[in-house]
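Read through the structure below, which is laid out as structure tokens, and then see the notes.
The values are calculated or read from the model by the stated rules, or taken from the named source; none is laboratory data. It should be emphasised that the depicted structure is a prediction, and the values quoted were computed from it without experimental measurement. With ideal geometry, Cβ positions are generated from the backbone for all residues, glycine too; neighbour counts draw on all protein chains shown.
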Amino acid sequence: AQIAIKREEQWSRYFTNKVQDGVKVHYRCSTVKFRGIQCNGAIYLFYPHNSDEVILFRANNEHNHTDSSKRYFFSEEMKQNIQELFDMRLKPKKIYKVLEERNFKITRNQVNNYLTQLRKQKFGPSSLSLGELESWCQEKHTGPQSDDEPFVVSFHIHYQDDSDDDDEDVVDDGNKFRFFLSFKRLLQIASISTKLHADATYKLNWQGFPVLVVGTSDCDRKFHPFGLAVCTDEKEPDFAFIFKSISNGVNRITGSVFTPEVLIADGSGAIRNAFKKFFNKDKMVMCWSHIRRNVEKKLKSLKIDSKKVKEILDDIETLQLCESETVFRNASSLFLKQWNKTEKEFTEYFENEWLTVLDSWYEGYSGAFTPSTNNQLEATNKVIKDEHTFRERHTLPRFLTVASDIVNKWSMSRNRNQTDPIVFSTEPTIPLAKWTNAYHFAKSAKSVLQLQSKRKGFTDYYIPAGDVDLQFGIWKVTLPNIGSEWKNGFCNCSNFFEGIHL
């Protein structure tokens, strides 16, 4: 009898009623919602006490529900569609809209309820204690068996009642945690890199805690993340922890020493101090994009004439292209002298902020092939926000799953066995158009002045900047004396500094 009812696909169990001579199990019309006005159509099964029979009774009333109150059931096809849309990181509202476009009959509540089940299956329970985080870190801290296995490089869990041994201020006492998640392949890239990108400007947060991405750039100025860190704060000890994690991870995986030559960062004192103390290096590029954004805000706040604003920004962009410290200092002095006559408040701000301490933002400061901005790191952060929705404040187990997926994506995209992998370039890639231009230049009759360079093992070549044979505007190209190492040369033209190499 129960099988027969199930085959009709329109009844759901409603309530059970015990009577003197047996038990009645009532079924209601499942086309309407459980909460609300019920359909008049009904049946019940009667189980008599004195017999093994089951008797089906049907009400004489006709079904009186409308299509508007119809309940829709999940087919396997519908479930598969929802799972695919969920994996595409679509919002519930968008998923519902797509299902409607595909002619699936479903309510928004049903979509939300099913998504809740999916999240539990994928991310686990909705809460996790600090102790469980520590257990997860310990489990993932074991050495990875393959290049594509995520692992916690380092972690630090501090409970409120623990003695503090990390030299932090007493105001920081309380529950604290830090962990750094990576893959072997990403740390192998770190082992051959000489640049370190870190930034605290483009905020990524999970449950109010900073999510920090650090990495490097290659000779084509492509960004390569090393991993993802989560800390309870973003102070100097937190960045020192991250830098130490990378260093320990590189040594653990490759046996080599991680020794970056230059830091590319914003003006965060926490990042810069941690870099200087841990690596004993003081070469730190100030992100040019960060400066420009702040300068534009300052000019706007001072309500300077728009024509003057454009002229000031053009002059500052010219400063940014300076090839050496000497040129930068002289040009900066002329800039201040010129604009101090009419915009004294701005020149005082600019000198104090960007020419006194944080003055390492001109192209010649860092040498060839080093980006002057953290734009690609910030773009990576934006992708995380857009694709992985940290803005939704994931619970801890969900975050750990999503974070592992993010870092896995970084690693897999750099797997040389994949189609079109992201390759770490150890020398600049010269496109065909540049080879063609170089060929035509070599065939031209332009005069080139050759002089011994101040750099040992290099020669300077002075080349006309325009079409005229020799003119006042010239570019200086500095090339190694060993011809096969010509890709290590550099030019003082703006195209070279902006990434269009010789």
Check whether at least one residue in the stretch 306-328 is out of contact with any Lys or Arg (no Cβ under 9 Å at 6 or more places or on another chain), basic (Lys, Arg) and under 23 Å from VAL285 (Cα atoms), and report yes or no. no
Which residues, taken from the stretch 261-280, are more than 19 Å from SER193 (Cα to Cα) and either modelled with pLDDT under 95 or basic (Lys, Arg) (or both)? ASP266, GLY267, SER268, GLY269, ALA270, LYS277
Spot the failing condition for GLN338; the list is (1) touching an Asp or Glu at 6+ places or on another chain (Cβ under 9 Å); (2) modelled with pLDDT under 85, and only one is missed. (2)
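When you look at TRP206, is it touching a residue at least 60 places away in the same chain (Cβ under 8 Å), buried (at least 19 other Cβ atoms within 10 Å of the Cβ) and under 30 Å from LYS344 (Cα atoms), yes or no?
Numbers: touching a residue at least 60 places away in the same chain (Cβ under 8 Å): yes; buried (at least 19 other Cβ atoms within 10 Å of the Cβ): yes; under 30 Å from LYS344 (Cα atoms): no.
Judged against the criteria, TRP206 is not a match.
Go through GLU149, GLU168, GLU132 for me and flag whichever is at pLDDT below 85 and surrounded by 15 or more Cβ atoms within 10 Å (Cβ to Cβ).
Values: GLU149 fails: at pLDDT below 85; GLU132 fails: surrounded by 15 or more Cβ atoms within 10 Å (Cβ to Cβ).
Among GLU149, GLU168, GLU132, only GLU168 is at pLDDT below 85 and surrounded by 15 or more Cβ atoms within 10 Å (Cβ to Cβ).
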How many of the residues in the stretch 243-262 are touching a Lys or Arg at 6+ places or on another chain (Cβ under 7 Å) and of a type in the set (Lys, Arg)? 0
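Could you please let me know if SER193 is over 14 Å from CYS231 (Cα atoms) and at pLDDT below 85? Steps first, please.
Numbers: over 14 Å from CYS231 (Cα atoms): yes; at pLDDT below 85: no.
Here the answer is no, as SER193 does not meet what is asked.
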Inspect all residues belonging to the stretch 264-280 and state whether any of them is in a strand (DSSP E or B) and not assigned by TED's automatic domain parsing to the domain that holds GLU325. yes
Only residues in the stretch 81-92 that are in contact (Cβ under 8 Å) with a residue 12 or more places away in the chain and surrounded by 15 or more Cβ atoms within 10 Å (Cβ to Cβ) count as the first member; pair them with residues that are in a helix (DSSP H, G or I) and of a type outside the set (A, V, I, L, M), Cβ under 6 angstrom, at least 6 apart or cross-chain, and list the lot. ILE82/TYR114; PRO92/ASN112
Restricting the stretch 25-49 to residues that are out of contact with any strand residue (DSSP E or B) (no Cβ under 9 Å at 6 or more places or on another chain) and not hydroxyl-bearing (Ser, Thr, Tyr), which is surrounded by the most Cβ atoms within 10 Å (Cβ to Cβ)? VAL32
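Pick from SER366, SER360, SER413, SER332: which is small (Gly, Ala, Ser), within 24 Å of ASN273 (Cβ to Cβ) and modelled with pLDDT of 85 or more? So that I can check it myself, show each step before the final result.
Details: SER366 fails: modelled with pLDDT of 85 or more; SER413 fails: within 24 Å of ASN273 (Cβ to Cβ); SER332 fails: within 24 Å of ASN273 (Cβ to Cβ).
None of the others qualify; the one that does is SER360.
Kindly indicate whether PHE86 is farther than 30 Å from GLY227 by Cα, modelled with pLDDT of 85 or more and among the aromatic types (Phe, Trp, Tyr). Steps first, answer last, please.
Details: farther than 30 Å from GLY227 by Cα: no; modelled with pLDDT of 85 or more: yes; among the aromatic types (Phe, Trp, Tyr): yes.
Judged against the criteria, PHE86 is not a match.
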Please identify the pairs in which a residue from the stretch 211-237 that is assigned by TED's automatic domain parsing to the domain that holds THR194 and small (Gly, Ala, Ser) has its Cβ atom under 6 Å from the Cβ atom of a residue that is buried (at least 19 other Cβ atoms within 10 Å of the Cβ) and in a loop (DSSP other than H, G, I, E, B), counting only partners at least 6 apart or on another chain. SER217/PRO371
Residue among SER425, SER484 that alone is outside the structural domain of THR232 (by TED's automatic domain parsing) and modelled with pLDDT under 80: SER484
Output the number of the condition that PHE441 fails; it satisfies all remaining conditions of (1) part of a helix (DSSP H, G or I); (2) touching a residue at least 60 places away in the same chain (Cβ under 8 Å). (2)
What's the total number of residues in the stretch 90-109 that are of a type outside the set (Asp, Glu), farther than 22 Å from ARG398 by Cα and modelled with pLDDT of 85 or more? 7
Only residues that are touching a residue at least 24 places away in the same chain (Cβ under 8 Å) and under 16 Å from ASN408 (Cα atoms): list them for the stretch 144-159, please. PRO144, SER146, ASP147, ASP148, GLU149, PRO150, PHE151, VAL152, VAL153
Any chance you could count how many residues in the stretch 250-280 are over 20 Å from PHE223 (Cβ atoms), surrounded by 14 or more Cβ atoms within 10 Å (Cβ to Cβ) and among the charged types (D, E, K, R)? 2
Taking LYS140 as the residue in question, decide whether it is at pLDDT 85 or above, assigned by TED's automatic domain parsing to the domain that holds ALA403, more than 30 Å from ASP21 (Cβ to Cβ) and charged (D, E, K, R). yes
Positions within the stretch 1-49 being modelled with pLDDT of 80 or more, part of a loop (DSSP other than H, G, I, E, B) and among the hydrophobic types (A, V, I, L, M, F, W, C), in sequence order: CYS39
Given the conditions (1) modelled with pLDDT under 85; (2) over 22 Å from ILE106 (Cβ atoms); (3) surrounded by 10 or more Cβ atoms within 10 Å (Cβ to Cβ), which single one is not true for ASP52? (3)
